[in-house]
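Written below as C-alpha cells is the structure these notes are about.
The values are calculated or read from the model by the stated rules, or taken from the named source; none is laboratory data. On a predicted model such as this, the values are computed, not experimentally measured, just so you know. Cβ placement follows ideal geometry from the backbone for every residue including glycine, while neighbour counts extend to all protein chains displayed.
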Amino acid sequence: MFHKALWMRNQKLAGPAVWAVYLSLFFFLPFFFYGEAQSFQRQIDEFHVNISQLPFSFHGAQIALFLTLILVGFATLLIGSERTTHSTDLTFSLPFKRKDIFLSKWMFGVVHITTGLLVNLLLSMLIVKFTILNEVADASFLLQFMILVIPFSIAIFTFSMFIGTIAGSMVSQFILSCIFLFFPLGFISLIATFLVVHGMDLNMLNVFENRLFHTFEDLVISVTLPLPIFDFAYYTDVSNDPSGLGYTRVPSYLVLLSPLIYFAVTFPLGIWFYSCTKNENNGRLLVFEKGKGFFSFGVILCFALTFGMIGGGIFDSYDNPSLITYYLFALIGGVLSYFALRQIMNIRLSLRK
C-alpha cells in the first residue's frame, strides 16, 4: 500500500543510495557505450583503422560487483540505518502497520532500481543503435541483459532487505548480506576441499566433459545470486564474424527461477520478521536471540573449514593436502572464531541523531 508520508521518509533515509543507483548505472552503461563509440570513431578518423579490425565486447562483470554493493547499500540505508540510529522507535510509532512500513521500503527500492536499469539500458541501446557501434554490435544483446539483470537485481535487493530484518545494525546488515549472497559458492568450495583432503578424487567427475557436472555447476551459479550477472558476456569481431551478430554468453533462462525462488522465500519472511521485530537489540549483530545459537554454529563451522583449507594447502606434500595440518588449523580457526564471535555478539553499535 502506498503512503506518501512513508515514501518521503524512505527518501530521506535512502536518498544517497537513490543517487548512487542512477549515477553509477549511467556511468557503467550509457557513459561506457558512448565512450566506446567515441574511441572507435577516433581510431577510424585518426589512425584510419578499418572497422572490421575493431572487436567490441561487454561483460556483466563490468557492472555486477558494483551493482551488488549498491543494492545491498540501498537496503542497508532503508532498514539498518534506523536500527543503528535507534530511529525505529519513531518509525514504529507512526500510524501504519509494520507490514505496510516494510512494503513501502521494498516498493521504494524496487521502483528506483527498476527505473534506473530500464532508463540506462534503453539509453545504451539507443547509443549502440545510432552510433558507429551499430556496425560492430547488435543492440539486442542489451535486451537480453535487461531480462537477466532486472529480476536478479530485485532479488538481491529483496534478500538484503530480509537480512536487514534479522541484523541489528547497518554494519551487520551490509556485511551479512554480502557474505550470504556469495555463500553458496564459498560453502561448496569449502566442502569440496574437505572431500579432497579426505581422499575423494574430484577428477573422477570428468570436470570438462561430464554433463552432470556442468548441470551442477550451473546450479551453483544459479543459487549464488550475483553470479549469473557476472557470467553474461557479449563479444563480436566483424573480421571473424561477417554477420556481425556476435557471440552472446547468456546463462540459461532457467536461472530466472533462482530470483523467483529467492523472492518467494525471503519476501514473506522479511515481512514476518519485520512485523515481530523488537528494538531491544538494535545496534547488535543480530536482533533475535533465538537464532544466535544456530548462527554461531554456522560461523564457527565455516571458519574451521576455511582455516583447514588454508592450513592443508600450505603444508601439502606433492599437491596432497596434509590431513593433520588440516584439522589442526581447523581447530585453531574454530576456537578463534568462537571467542571472537562472543565479543562481537556483545558489541552494540549506536549512532544517535
For the range 11-30, enumerate the residues that are closer than 20 Å to Val128 by Cβ and within 16 Å of the chain's Cα centre (by Cα). Ser24, Leu25
The helices (runs of 4 or more DSSP H) lying wholly within the range 1-110 that contain at least 1 residues that are buried (at least 19 other Cβ atoms within 10 Å of the Cβ) and touching a Cys at 6+ places or on another chain (Cβ under 7 Å) are 61-75
Residue list for the range 258-286, filter: part of a helix (DSSP H, G or I), closer than 12 Å to Thr165 by Cβ and β-branched (Val, Ile, Thr): Thr266, Ile271
Give me the pairs: first residue in the range 324-344 and over 13 Å from Val197 (Cα atoms), second residue among the hydroxyl-bearing types (Ser, Thr, Tyr) and surrounded by 14 or more Cβ atoms within 10 Å (Cβ to Cβ), beta-carbon distance under 7 Å, and six or more apart or on different chains, which are they? Gly333/Thr306; Leu341/Ser296
Which pairs do you get when a residue that is modelled with pLDDT under 95, found in the range 60-78, comes within reach of a residue that is among the basic types (Lys, Arg) and surrounded by 22 or more Cβ atoms within 10 Å (Cβ to Cβ), reach meaning Cβ atoms under 6 angstrom, with the pair 6+ apart or on two chains? Leu78/Lys105
Residue hits (the range 218-254; at pLDDT 70 or above, over 30 Å from Ser104 (Cβ atoms) and either under 15 Å from the mean Cα position of the chain (by Cα) or part of a helix (DSSP H, G or I) (or both)) are Asp218, Leu219, Val220, Ile221, Ser222, Leu227, Phe230, Asp231, Phe232, Leu254
Using the structure shown, decide if Val136 is closer than 30 Å to Ile51 by Cβ and among the aliphatic types (A, V, I, L, M). yes
